[in-house]
Amino acid sequence: MTSQRKMTGKKKLGYCFGIFTESLCYNMFYTYYLTFLNEIVGIKPSYSSIIIFISIVWDAVTDPIIGNYTDKAGVDKKRIMKISILPLAVFFVLAWTSIGAGFASQAPKIILYTLISMGIWIFYTMYSIPYYAIVAEITEDYDERTDIRSLSSLLNAVCVGLGNILPALVPTVAILLGKKYESNSYAVIAGLISVLAIVLGFICCKSLDGIYVPKKLQQGEPKPKLDIISTFSSFKDILKLKPTKWFLLFVFFFLAMSSMIQSNLTYMVIDCIGMEYDTGIVFVIISLVVSMAATVPIVEKIAKKKDRRFACLVFLSLVFVLEIIIKILGLDFTVGSFKIMCIISPAVLGISTGTFWTLFYSMGYDLVELNEFKTGERKESTITALPQLIQKFGSAFGILMAGQLLTLYGYDSSNDISGKESLFTKVTDPKIINGMENISTIIPAVILGISIICLIIYPMTRKRFEALMVQLEKKRKGEEYNTEGFEKIL
């Protein structure tokens with residue numbers, strides 16, 4: 001049974017600052033890395049997307065191993081977080097340098113940036129798995145978990161803003177650096193983001209003092225170690241839980257949808273909407289951040305009044321309809337002379353991401369108590385790692401599809417002279433422009449539709465969770481218990 005420690009408002013805020021460490025890196029990577037590899041390093045889009053796919057799949061593979069390890073008695077989740085922060089920052093800066101731009105062939109560029117990207121994601125996983133899992137250890141309260149994740153999502157809106165707005169300043173930084181160093185403008189921005197990530201990551205770890213206590217080794221228990229066999233065994237138990245498969249499918253298809261749109265933002269602004277990059281990206285990011293921030297409190301209120309699944313279904317269904325409408329109108333649609341889609345399209349993405357990140361982790365936490373009821377064991381990190389594994393596969397799939405579709409529609413920047421941010425030039429081929437529009441609208445809408453169907457089938461509701469908790473408390477005390485009211489989640 002989890003030991004309950006009341007989190008004060010100050011402690012909650014300190015913990016939630018930790019979202020900056022993972023989200024700043026995450027958002028800059030997912031929004032700009034495909035473009036960076038294409039335009040600055042000079043890698044073909046089909047190969048760039050494979051680099052990102054491999055690195056994220058590597059991250060997904062390490063998720064369960066790290067999750068299973070940090071669930072073991074004797075492992076301090078907070079210490080694992082601290083260890084990972086500095087290496088994450090170093091690899092993140094390296095990933096955005098143009099050291100590979102001068103290579104004549106594609107192969108060394110691909111190898112170099114694949115290895116660096118893998119370095120980012122291993123330390124990202126070491127930080128993010130314990131960071132998210134700790135909440136399930138600190139509190140079992142349905143609404144408090146939603147409260148914590150909602151505050152975290154509000155701060156995440158700021159992270160999305162910084163993670164997208166700061167890289168949008170790359171052309172300005174390039175001018176300041178001069179022609180000789182302009183290709184490393186992204187590295188300067190990555191350095192600023194890394195400093196923020198380091199400072200706020202350590203503040204988060206400090207806030208956990210007094211409310212998080214690592215699980216202690218029992219007498220005679222062996223010291224914890226990385227164990228692939230026990231990892232698979234733990235995952236096998238969790239996958240046997242009836243709600244798990246539908247939850248994981250929901251996560252996979254949602255992340256495939258959102259990462260596809262996010263990785264295509266630069267091309268959407270320049271080629272589909274038809275705006276200058278400097279101006280258009282500002283409108284896009286502000287709209288994205290404001291819509292996320294506005295969505296979070298509304299989603300939280302509905303989730304508390306009804307439940308998390310219902311709130312998620314309402315908002316994602318709205319997004320599905322809006323994406324289809326945007327495709328019908330076209331991303332170049334104007335009101336007067338203003339290209340209104342630079343506000344509407346990112347706002348729709350903001351509604352979906354604001355909804356998902358407010359509810360995603362707290363929905364996963366519910367599986368902790370279900371697994372305890374069935375097996376007698378609590379697996380907070382493993383149950384956090386499994387959806388993250390699927391999340392990474394979904395994100396990697398979305399970016400891979402975006403890169404492959406760009407190539408399929410005929411886009412290729414590899415013949416350009418790489419290393420200059422000014423290469424963000426407008427495409428004139430209607431076939432390529434239409435393809436880029438599809439990557440930001442109708443194709444993601446179809447993928448989101450599949451995600452919504454999985455969520456409809458997902459059986460975990462507030463009513464069933466509360467019925468589960470009543471019987472779990474009886475089971476913990478050795479009293480007689482039953483499964484009345486939550487049979488559908490067993």
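The values are calculated or read from the model by the stated rules, or taken from the named source; none is laboratory data. Because the structure is predicted, anything quoted here is derived from the model rather than measured. So basically every Cβ, Gly included, is an ideal-geometry build from the backbone, and we count neighbours across all protein chains shown. The accessibility values were calculated without ligands, DNA or RNA, using every heavy atom of the protein model including side chains. Shrake-Rupley method; radii C 1.70, N 1.55, O 1.52, S 1.80 Å.
So, K223, is that one at pLDDT below 90 and outside any helix (DSSP H, G or I) or not?
yes
Go through the range 190-217 residue by residue and tally those that are of a type in the set (K, R) and assigned to a loop (DSSP other than H, G, I, E, B).
Number satisfying all stated conditions: 2.
When you look at L386, is it of a type in the set (A, V, I, L, M) and surrounded by 23 or more Cβ atoms within 10 Å (Cβ to Cβ), yes or no?
For L386, the condition - of a type in the set (A, V, I, L, M) and surrounded by 23 or more Cβ atoms within 10 Å (Cβ to Cβ) - is met.
Could you check the range 160-186 and list, in sequence order, the residues that are over 18 Å from the mean Cα position of the chain (by Cα), at pLDDT below 85 and among the polar types (S, T, N, Q)?
Once the filter is applied, which keeps residues that are over 18 Å from the mean Cα position of the chain (by Cα), at pLDDT below 85 and among the polar types (S, T, N, Q), the range 160-186 yields T172, S183, N184.
Looking for whichever is open to solvent by less than 10 Å² (accessible area, probe 1.4 Å) and modelled with pLDDT under 90 here; the options are E323, E380. Which one fits? It would help to see each step written out before you state the result.
On the way: E323 fails: modelled with pLDDT under 90.
Just a single option satisfies the conditions, and that option is E380.
Return a yes/no flag: does the range 318-330 have any residue that is more than 15 Å from I286 (Cα to Cα) and in a loop (DSSP other than H, G, I, E, B).
Looking for residues that are more than 15 Å from I286 (Cα to Cα) and in a loop (DSSP other than H, G, I, E, B), one finds at least one in the range 318-330, hence yes.
Within the range 399-490, considering only helices (runs of 4 or more DSSP H) that don't extend past its boundaries, which have at least 1 residues that are modelled with pLDDT under 95? Even if it seems obvious, please write down each step before you answer.
Working: elements: 430-440, 442-457, 462-476.
Answer list for the range 399-490: 430-440, 462-476.
If V75 meets every condition in (1) over 25 Å from A107 (Cβ atoms); (2) open to solvent by less than 10 Å² (accessible area, probe 1.4 Å); (3) under 20 Å from the mean Cα position of the chain (by Cα) apart from one, which number is that one?
(3)
Could you figure out which of (1) touching a residue at least 60 places away in the same chain (Cβ under 8 Å); (2) open to solvent by 40 Å² or more (accessible area, probe 1.4 Å); (3) under 26 Å from I285 (Cα atoms) isn't true of F91?
Condition not satisfied by F91: (1).
Do you know which residues across the range 164-187 are of a type outside the set (V, I, T) and open to solvent by 40 Å² or more (accessible area, probe 1.4 Å)? Walk me through how you get there before you give the answer.
Initially, the range 164-187 is screened for residues of a type outside the set (V, I, T), giving 164, 166-169, 171, 174, 176-187.
Of everything in the range 164-187, those that are of a type outside the set (V, I, T) and open to solvent by 40 Å² or more (accessible area, probe 1.4 Å) turn out to be L169, L176, L177, K179, K180, Y181, N184.
For the range 240-273, give me each residue that is open to solvent by 10 Å² or more (accessible area, probe 1.4 Å) and not in a helix (DSSP H, G or I).
Scanning the range 240-273 gives a single hit, K240.
When you go through Y142, Y132, Y113 one by one, which is the residue that is under 17 Å from the mean Cα position of the chain (by Cα) and open to solvent by less than 20 Å² (accessible area, probe 1.4 Å)? Steps first, answer last, please.
Values: Y142 fails: under 17 Å from the mean Cα position of the chain (by Cα); Y113 fails: under 17 Å from the mean Cα position of the chain (by Cα).
Testing whether each residue is under 17 Å from the mean Cα position of the chain (by Cα) and open to solvent by less than 20 Å² (accessible area, probe 1.4 Å) leaves just Y132.
F53 passes all but one of (1) open to solvent by 10 Å² or more (accessible area, probe 1.4 Å); (2) within 14 Å of the chain's Cα centre (by Cα); which number fails?
The single condition F53 does not satisfy is (2).
Of the conditions (1) of a type in the set (A, V, I, L, M); (2) modelled with pLDDT under 90; (3) open to solvent by 30 Å² or more (accessible area, probe 1.4 Å); (4) within 24 Å of the chain's Cα centre (by Cα), I198 fails just one. Which one is it?
It fails just one condition, (2).
Can you tell me which residues in the range 153-197 are free of Cβ contacts under 8 Å to residues at least 60 places away in the same chain and of a type in the set (D, E, K, R)?
Passing the criteria: K179, K180.
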